[in-house]
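A quick write-up on the structure given underneath.
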Amino acid sequence: MEINKLKINNYGKLKEKEIELKKGINLIYGKNEAGKSTLLNFITNCFYGISKNKNGKEISDFERYTPWIGEEFSGKLEYKLDNQEKFEIYRDFRKKNPKIFNEQMEDISKEFNIDKNKGNEFFYEQTKVDEALFLSTILVNQNEVKLEKQEQNILIQKIANLVGTGEDNVSFKRAIDRIDRRKLDEIGTERSREKPINILEKEIQKLEQEKSELEKYQDIKYEIEEDKNKLNEEIEKLENENKNLKEIKLIYENKKIEKEKINLKIDLKNENKEKINIIKNKIEKIKIENKNTFEKNKKINFRKSELNKIAIIIFLITILINIFQFIIIKNKYFNYIFALTVPMVLIFCIFLKNKINRKEKNIKKEMEKIDFEINNLNNEKNILEKNEKELEKEIEKLENEFNLEIKNNYSEKIEKNKINNLENINYEIQNLENKINDKRIRLHTLLLDDKNIEPKLENLSNIEEKMVNNKEKMVNLKNLEKSMNLAKEILGSSYEKMKNTVTPKFTEELSKSISEITDGKYTKVKLNDDTGLVVELESGNYMPVSRLSIGTIDQLYLSLRLAMAEKLSEEKMPIILDEAFAYYDKERLENILKYLEKRFNKYQIIIFTCTNREKEILEKLELPINLINLE
């Protein structure tokens with residue numbers, strides 16, 4: 001991988017600056033405070049983003065490099081992977097995620113995973129190198145390689161850690177010791193006292209004893225609850241019975257009112273009927289009192305009818321006699337005589353009829369008077385009879401409605417209670433209310449008992465909750481203990497595997513590096529569990545690395561980190577050295593630069609320096625360089 005171009009719009013003290021980097025050695029020169037560290041941070045932050053956390057520093061990188069308000073805080077980095085694919089990163093450092101463009105200038109930012117905390121992880125997905133690994137191996141600054149005499153043992157331990165575990169800040173023995181110390185401090189053992197597991201065991205025992213004493217109140221609580229439920233059911237049952245009885249009482253009261261209405265209608269009907277009978281009696285009395293008049297009227301009508309019949313008969317006989325006399329007798333005198341008989345008979349009939357008519361007229365007046373009186377009585381009777389029929393209908397309707405209401409709504413309750421009078425109902429209601437009051441008093445007593453037990457049960461609940469929490473803590477401690485034991489087991493297994501596989505490779509690389517750096521003075525380095533790192537002398541004897549000079553140890557540490565860079569990623573990652581040779585003498589500097597050019601000639605190397613020493617040596621060795629002056 002190669003970094004091709006840097007375009008800094010505004011970042012810290014660097015503004016509107018463009019830098020082109022090439023394959024091979026890039027020498028970035030600048031005096032102190034010229035912006036070398038700023039440029040180095042710009043490269044790192046382009047790949048991984050800028051942190052707003054202090055991470056042990058006085059101020060965060062975001063605060064350190066953010067320009068004044070209103071100024072742009074951005075830049076772009078162009079790079080190329082080993083497969084020749086080119087990419088550009090544009091970052092607005094005030095935003096969490098960058099924009100990534102491919103060679104066709106297409107925004108491919110969304111093709112990579114975006115972590116909630118870290119942001120877009122494009123560079124890790126391309127190289128498999130995270131920020132921590134980048135800073136601890138690929139990027140080497142002055143503080144990583146220069147140590148004073150009293151810190152020599154720390155550097156040797158770092159080298160031993162790198163060889164033994166692959167991490168310069170990880171020691172197998174220290175890791176095991178730390179796990180054991182943490183296990184003792186955070187968990188404890190059966191023999192320890194006042195450690196978490198011992199304190200928890202005592203607390204659980206104490207809580208179990210308190211729980212046992214309070215559990216008896218649970219049984220009492222259950223009994224009280226059962227009695228309360230039973231009493232509530234009994235009270236509910238009695239109240240339902242009482243309610244039914246009151247409804248039945250209301251039925252009978254309503255029935256009494258409805259019956260009174262019906263009886264009133266019946267009384268009206270009977271009164272009406274009595275009036276009708278009185279009228280009928282009056283009519284009969286009138287008929288009796290005027291019986292003679294009725295008989296006279298009847299006789300006159302009969303006589304009038306008979307007279308009419310006699311007159312017609314006489315008239316017919318006279319006509320027949322006259323016809324007989326004219327035809328058979330033919331006597332003149334007889335003719336006159338019979339001729340006179342006809343008017344005489346008619347006159348006599350008229351006389352009789354007039355006499356009958358006079359009598360009839362008198363009787364008719366009397367009959368009209370009687371008929372008028374009877375008609376008035378009949379009209380009154382008809383009205384009363386009509387009222388009677390209407391009353392009958394109303395009575396029938398009221399009785400039907402009443403019977404239907406009883407049948408539909410209350411027949412079951414009346415049948416169930418079998419109470420059919422108000423006296424019994426009132427007695428039963430009073431009896432039920434007395435029972436309900438007695439049971440409510442008993443229920444109130446149970447509620448008081450329940451209230452007194454509640455604090456004890458609440459305490460029991462708290463104890464049980466504490467026990468659950470403590471048991472969870474115990475389980476967590478046991479799991480932590482298992483995890484620590486497993487970690488020790490895995491760490492031991494990994495360490496053995498490292499010693500048998502990786503460590504020989506590292507010691508081989510380290511041996512090559514120290515041989516080249518020291519011009520063959522030291523050719524072999526080994527890791528020993530007892531004495532740590534040892535170096536083979538020309539005589540064949542072994543000497544602890546701690547007895548080497550500080551400069552040689554510095555070179556050894558640097559060469560080992562550079563060697564590790566080859567193992568980190570499938571990509572040939574750039575090697576970035578920030579004032580890494582500030583404390584090297586001229587001979588060591590020349591050796592390390594030769595070593596870099598020979599060992600890492602296929603890598604892009606970026607060296608930050610404030611002196612001309614590197615430039616002079618590289619020109620002396622006739623090695624091509626890309627010189628960049630920040631001033």
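The values are calculated or read from the model by the stated rules, or taken from the named source; none is laboratory data. Just so it is clear, the structure is predicted and the values come from calculations on it, not from any experiment. Neighbour counts run over all protein chains shown; Cβ positions are idealised from the backbone, glycine included. Surface areas here come from the heavy atoms of the whole protein model, side chains and all, with no ligands, DNA or RNA. Shrake-Rupley method; radii C 1.70, N 1.55, O 1.52, S 1.80 Å.
Nearest 0.05, what FRET efficiency do LEU537 and GLU208 give at R0 = 60 Å with Cβ-Cβ as r?
0.35
Label-point separation (nm) for LYS13 and LYS369, each offset 7 Å from Cα along Cα-to-Cβ?
Going from the LYS13 label point to the LYS369 one covers 15.4 nm.
Quick check for you: with a 1.4 Å probe and neighbouring chains kept, what is the accessible area per residue of the stretch 44-130, in Å²?
With the other protein chains kept in place, the stretch 44-130 gives 62 Å² per residue.
So how far apart, in nm, are the two label points at ARG64 and LEU268 if each is 7 Å from Cα heading toward Cβ?
11.1
Once neighbouring chains are kept in place and the probe is 1.4 Å, which whole percent of the accessible area of the stretch 562-631 is contributed by carbon and sulfur?
The nonpolar share, carbon plus sulfur, comes to 44 percent.
Give, in nm to one decimal, the length gained when the segment between LYS23 and LYS116 is fully stretched (0.36 nm per residue of separation minus the Cα-Cα distance).
That works out to 30.0 nm of additional length.
Heavy atoms only, probe 1.4 Å: what % of the accessible area of the stretch 1-138 goes to carbon and sulfur, would you let me know?
45
Would you mind calculating the gained length between LYS482 and ARG547 on full extension (0.36 nm times residue separation, minus the Cα-Cα distance), in nm to one decimal?
This chain segment gains 19.3 nm when fully extended.
Calculate, in whole percent, how much of the Cα-Cα pair population of the stretch 581-628 lies beyond 16 Å.
34
LYS57 versus ASN198, label points 7 Å from Cα toward the beta carbon: distance in nm?
Calculated label separation equals 4.6 nm.
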